[in-house]
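Novice: Quick one: the structure is below, and I'll ask about it shortly.
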Amino acid sequence: MAGTAELIIEGKSYQYPTIEGSEGEKAIDIAKLRDETGYITIDSGYKNTGATKSGITFLDGEEGILRYRGYSIEDLADKASFLEVAYLLIYGELPTTEQYAKFENDIRRHTIVNEDMRRIFNGFPVNSHPMGVMSSLISAMSGFYPDSYDDKAPDRTELHIIRLLAKFPTLATWCYKKSNGHPINYPKNSLDYCSNFLHMMFSLPVENYEVNPVISKALNKLLILHADHEQNCSTSTVRLVGSSKANLYSSISAGISALWGPLHGGANQEVIEMLDEIVADGGDVEKYVLKAKDKSSGFRLFGFGHRVYKNFDPRARIIKKAADDILETLGINDPTLEVAKKLEEVALTDEYFIARKLYPNVDFYSGIIYRALGIPTNMFTVMFALGRLPGWIAQWKEMRAAKEPIGRPRQIYTGATLREFVPIEKR
Ligand code: SDX
């Protein structure tokens, strides 16, 4: 329901329209603020500022709710395939049998990467971080598909979407294979999306590799849980870069770079390294909770806290349960799981965490499952990006369809006022 908000500035009253979303979220539309008042708003980290209206993902941070296009994350994680969720996010509806068959088949027919891409890939040092490699390779795809940035070329966005979904897993597995000196694998199109990824990751030419359905199912669930999360840092980056009419590959490459940060997707690697350190240190979680509360320590409890969730991250709940189930099914005893549970228990009864509403987020338990699936630590954030790819694509597509203007925030200047140039001999 639209309404108005009154602002009184220097004794003068200004009215601004308010808007309300389909879930009752409210905003003040300040499009005319600067023209009418000469003022702008400022909001470090955009904690109170909406960048757009979107119909893709709904979060309720207070209630711990997450829905993709109206479907609950619990339902989708339990019942859908990752490609069904990718289709839902990108096209707005769950696919029919025919739509799904075409989507899956289109992706299958684009899983091979141009062999010249290997020359770019082979130029990276062997221990390059896979996130830096992936950001470069995805950007390099625009070189192989110049119609992605040629405004005069017919619009082939749908084909570029299929190419990204199809080739990202292939390129991601190259990073893993190179890190251990193994030959890279070609995709096997007889396999489903998750099984094909596992085949490219783990099969070796010297023996037959059978995909373990438990592992493939676990991967499917993890990718769904990471698929979108409204206007997070990396998604906002994809939208901002895309708003300049930069091509889809460059926009996604920028999103990969933003996700790499340890405060964002890079946290899943930080969490497992933190948990390993605690295990190695005798499992004294109280010591690390104390460190996290001591600002001078510079230590953060990675995997805890969230800009939006001030309650449990629903994804963390699902992943925590899945970690129990998968480790039990695979007969794996990973001491970090018990340490993680103890850390959660201690933190959630500690005033510092309660006062700041710091709960486990999506990254807290995910690394324990990735490790159980055989994924190495430095590939954890690549797995996050693989899951987030359809969400980034959906958000980019929505921004373009809405013909949103180029994103260009204002600022308040606090630097030197006008001064005369002084020749160097007089400085
Ligand atoms: C993701 O946005 C998304 O949706 C992201 C994501 C997605 O799906 O895209 O959900 C994925 O990025 C999850 C978050 C992963 N990051 C981490 O786990 C890193 C550790 N967490 C934080 O650094 C922090 O909680 C953030 C970055 C997640 C959120 O930071 P905010 O909202 O800017 O909050 P803040 O840093 O201002 O913290 C508020 C207070 C501060 O204390 P005070 O200054 O008020 O005394 O809480 C403290 C912080 O010091 N705090 C922590 C803490 N997180 C916040 N103290 C100890 N350990 C932590 N983990």
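Novice: In whole percent, what relative contact order does the stretch 291-379 give with Cα contacts below 8 Å and a gap of six or more residues?
Specialist: 44 percent
Novice: Continuing with the same structure: Once amide H atoms are placed 1.01 Å from N in the peptide plane, what residues at a sequence separation of 5 or more from Tyr14, or on another chain, have their amide H within under 5 Å of its amide H?
Specialist: It is Leu7, Ile8, Ile9, by chain and number.
Novice: Rounded to the nearest 500 deg cm²/dmol, what is the calculated helix-only ellipticity per residue at 222 nm for the chain, with -39500 (n - 2.57) per DSSP H run of length n ≥ 4?
Specialist: -15500 deg cm²/dmol
Novice: Apply the Karplus curve 6.51 cos²θ - 1.76 cosθ + 1.60, θ = phi - 60°, to the phi angles in the stretch 190-197 and return the couplings in whole Hz, x for Gly and Pro.
Specialist: Coupling constants for the stretch 190-197: 7, 9, 6, 3, 5, 5, 5, 4 Hz.
Novice: Please name whichever of Tyr365, Gly387, Gly331 sits farthest to the positive end of the charge dipole of the chain, dipole taken about the Cα centre and charges placed at Cβ: Lys and Arg +1, Asp and Glu -1.
Specialist: The residue sitting most towards the positive pole is Gly387.
Novice: Sticking with this structure for a sec: Which order do peptides 127-138, 2-13, 209-220, 266-277 fall in by mean Cβ count within 10 Å, highest first?
Specialist: The packing order, highest mean first, is 266-277, 127-138, 209-220, 2-13.
Novice: Past the 29 Å Cα-Cα mark, which pairs from Lys32/Lys245; Lys47/Lys245; Lys177/Lys403?
Specialist: Table pairs above 29 Å Cα-Cα are Lys177/Lys403.
Novice: Just Arg109, Arg119, Arg163 to compare: in a GNM of the chain, with alpha carbon springs under 10 Å, which one fluctuates most?
Specialist: Looking only at Arg109, Arg119, Arg163, the biggest GNM fluctuation is shown by Arg119.
Novice: I'd like the Karplus ³J(HN,Hα) series for the stretch 385-393: coefficients 6.51, -1.76, 1.60, θ = phi - 60°, whole numbers in Hz, and an x wherever there's a Gly or Pro.
Specialist: These are the phi-based 3J(HN,Hα) values: 5, 4, x, 6, 3, x, x, 4, 4 Hz.
Novice: So, one more: Using a 1.4 Å probe on the protein chains only, how many percent of the accessible area of the chain belongs to carbon and sulfur?
Specialist: Ligands and nucleic acids excluded, carbon and sulfur give 53 percent.
Novice: Could you give each residue of the stretch 38-53 its phi-based ³J(HN,Hα) in whole Hz, using Karplus coefficients 6.51, -1.76, 1.60 with θ = phi - 60°, and x for Gly or Pro?
Specialist: x, 9, 10, 9, 9, 7, 3, x, 6, 5, 10, 10, x, 8, 6, 9
Novice: Follow-up question, since we're still on this one. Test of understanding: in a Gaussian network model of the chain with alpha carbons linked when under 10 Å, which of Glu20, Glu62, Glu404 would top the mean-square fluctuation ranking?
Specialist: Most flexible of the set in this elastic network: Glu20.
Novice: Quickly rank 355-368, 175-188 as a protection proxy: mean count of other C-beta atoms within 10 Å, highest first.
Specialist: Output ranking for 355-368, 175-188: 355-368, 175-188.
Novice: Okay, moving on. For Arg69, list long-range residues whose amide hydrogen, built 1.01 Å from N in the peptide plane, is under 5 Å from its own amide hydrogen.
Specialist: Excluding prolines and chain starts, which carry no amide H, the hits are Thr57, Phe58.
Novice: Which of the peptides 381-391, 329-339, 242-252 is most tightly packed, and how do the rest follow, going by the mean number of other Cβ atoms within 10 Å of each residue?
Specialist: 381-391, 242-252, 329-339
Novice: Of the candidates Glu23, Glu345, Glu286, which one comes out as most mobile in a Gaussian network treatment of the chain with C-alpha springs shorter than 10 Å?
Specialist: Of Glu23, Glu345, Glu286, the Gaussian network model singles out Glu23 as fluctuating most.
Novice: With +1 on the Cβ of every Lys and Arg and -1 on the Cβ of every Asp and Glu, and nothing else charged, how large is the dipole of the stretch 311-377 about its Cα centre, in debye rounded to the nearest 20?
Specialist: It works out to roughly 200 debye.
Novice: Follow-up question, since we're still on this one. Please report how far the C-alpha centroid of the stretch 262-338 lies from that of the stretch 1-42, rounded to the nearest whole angstrom.
Specialist: Result: 41 Å between the Cα centres.
The values are calculated or read from the model by the stated rules, or taken from the named source; none is laboratory data. As the structure is a computational prediction, the values presented were derived from the model and not from experiment. We place every Cβ from the backbone using ideal geometry, glycine too, and count neighbours over all the protein chains shown. Please note that ligands, DNA and RNA were not included when accessible areas were found on the heavy atoms of the full protein model with its side chains. Shrake-Rupley method; radii C 1.70, N 1.55, O 1.52, S 1.80 Å.
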